[in-house]
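A short write-up of the structure that comes next.
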DNA sequence: CTCATAACGCGACCATAGTTGCACTAGTGA
DNA sequence: TCACTAGTGCAACTATGGTCGCGTTATGAG
């Protein structure tokens, strides 16, 4: 076989690289225009100038395109903001999450990926990897807080991050309720306070 | 016009009622077989014995079918389990949520609805209404806990419920991580403890 | 019972997502 | 520079989701 949807192409230079960039850029652009519901391979192919059959062969479909976009976005050097205190760091994280969902100029890639993950195992795997990466990067603000004495040693950093953002995702894509700034701050405060009392130290430790 | 997707049919007796029941039952059955990704009007029509065109006319598509199923499931008299203490009640709630997602015999209607809500405003509205109803019913365990003195008066009951289930939904459909029983219990404990310290009393009160 | 018509069944129809075989272009190693 | 072939473009094709017009059935009111 020549190339594979998940494996890297055996001849990654020149035209192939240009096509990859063009198609993934077009994917993001189409996503911004029509959202994931209106995402079609034909439109992406037309917009990128790459032929439809090529897109199907390399990525398999919209789910593969989204998985690739997610994987690429994992290499954008994202890092959490620092405010000097755990509660503020978590709140900043939360506001970023909400902005990513409601930003009108670019309908969120994460939102599209969450949607796609319900229909495709490939997208689900990509999403899992994406969030594992995000958790790992975000955990830095918690480990730093532990070093500052804001939380006891042994605290599970990822769990604190999850606690801070979960209520926001819950409102955004499960219960479909509006999210106010106060909701973000409350979730951050709750997570930070619980961390301070050692609530995220695993029982076995 | 005769009937509408959202409005009730003007002639709801006899055949129409039979068709409605047959189609919605077939929708749930198909959902159990193939999940939401493989849900198609043609198969539902074939399975129910109702003609494809009729289904499209009455429900508009799979999203309408799902919205109707959700609305119907809202009248099943669901109520939260009682264990005698807030933490146990919330944990029971959480375990039910997880079971609903992983139950293999019937791939969760909520999960399908969450997926559909990303693609259809109608499904999103139905989902919002569904969760508003669930929140309201679940809130009872919190108000009873307040009466027992487990949490201060003024505590927002729905917010406690959200805090208990949000981390589970987050793992199940956002970060796609496995959910262990310990995760459910931790979320319940966290929410109950925070409620006990008055963390869910709105600042203005 | 009778009648107007809401709701339905039916089949033909259109649009488009996704596939396939073939010819060709252009990376890549020698 | 040359040969090999991975990767691409192209166009025709299949499959199927969704629509439409029309004749038929049967509900509910009088």
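Each reported figure results from applying straightforward, stated rules to the coordinates on display, with no laboratory input. It should be emphasised that the depicted structure is a prediction, and the values quoted were computed from it without experimental measurement. Positions of Cβ are generated from backbone atoms using ideal geometry, with glycine treated the same way; all protein chains shown enter the neighbour counts.
Take peptide B:163-171, look around each residue's Cβ out to 10 angstrom, count Cβ atoms belonging to other protein chains, and average those counts.
6
Could you give me the radius of gyration and the Dmax of the stretch B:86-196, taking only the C-alpha atoms into account and expressing both in angstrom?
Over the stretch B:86-196's Cα set, Rg and Dmax evaluate to 14.5, 44 Å.
To the nearest 10 degrees, how steep is helix A:14-34 against the longest Cα principal axis of chain A, on a 0 to 90 scale?
So the helix axis and the longest Cα principal axis differ by about 60 degrees.
Any idea what angle helix A:181-196 forms with the longest principal axis of chain A, computed on alpha-carbon atoms, 0 to 90 degrees, nearest 10?
It works out to around 60 degrees.
Can you figure out the FRET efficiency of residue B:85 with residue A:18, using R₀ = 60 Å and their beta-carbon distance, to the nearest 0.05?
Efficiency computed from Cβ-Cβ geometry: 0.45.
Taking beta carbons within 10 Å but only from partner chains, what does the mean come to for residues B:136-149?
Rounded to a whole number, the mean comes out at 0.
Neighbouring Cβ atoms within 10 Å as the yardstick, rank A:173, A:158 fewest first.
Lowest to highest Cβ neighbour count: A:158, A:173.
What is the order of A:73, A:120, fewest Cβ neighbours within 10 Å to most?
A:73, A:120
Classify chain A as rounded, prolate or oblate from the Cα gyration tensor: take a ≥ b ≥ c as the square roots of its eigenvalues, call it rounded if a/c is under 1.5, otherwise prolate when a/b beats b/c and oblate if not.
Judged from the Cα gyration tensor, chain A comes out prolate (a/c at least 1.5, a/b above b/c).
If I model a spin label as a point 7 Å beyond the Cα along the Cα-Cβ vector, how far apart are those points for residue A:96 and residue A:136 in nm?
1.6
Over the stretch B:86-196, what is the mean sequence separation of C-alpha contacts under 8 Å (at least six apart), divided by residue count, expressed as relative contact order in percent?
Answer for the stretch B:86-196 is 37 percent.
Hey, any idea what the orientation-averaged projected area of the convex hull of the protein assembly as shown's Cα atoms comes to, in nm²?
Quarter of the Cα hull surface area: 24.1 nm².
At 25 °C and a viscosity of 0.890 mPa s, what translational diffusion coefficient does Stokes-Einstein give for the stretch A:103-158, taking Rh as the Kirkwood radius over Cα pairs? Give it in µm²/s as a whole number.
Answer from the Stokes-Einstein relation: 186 µm²/s.
Given a 10 angstrom Cα cut-off, can you work out which residue in B:175, B:138, B:48 is the most mobile in a GNM of chain B?
In this elastic network of chain B, the residue with the biggest mean-square fluctuation among B:175, B:138, B:48 is B:175.
Contact order normalised by length for the stretch B:21-97, with contacts defined as Cα pairs under 8 Å and 6 or more residues apart; what percent is it?
25
List the residues of the stretch B:17-41 whose backbone N lies under 12 Å from a point placed 7 Å from the Cα of residue B:71 along the Cα-to-Cβ direction.
none
What angle, in degrees between 0 and 90 and rounded to the nearest 10, separates the Cα long axis of helix B:86-102 from the longest principal axis of the Cα atoms of chain B?
30
When only C-alpha pairs under 8 Å and at least 6 residues apart count, what is the relative contact order of chain A, in percent?
20
Enter the Cα centre distance for the pair the stretch A:129-192 and the stretch B:20-62, rounded to the nearest angstrom.
The two parts, judged by their Cα centres, are 40 Å apart.
Can you put B:78, A:59 in order of Cβ neighbours within 10 angstrom, beginning with the fewest?
Taking fewest neighbouring Cβ atoms as first place, the list is B:78, A:59.
Okay, helix-only estimate at 222 nm for chain A: each DSSP H run of n ≥ 4 adds -39500 (n - 2.57), divide by all residues, round to 500 deg cm²/dmol; what do you get?
Only helices count here, giving -21000 deg cm²/dmol.
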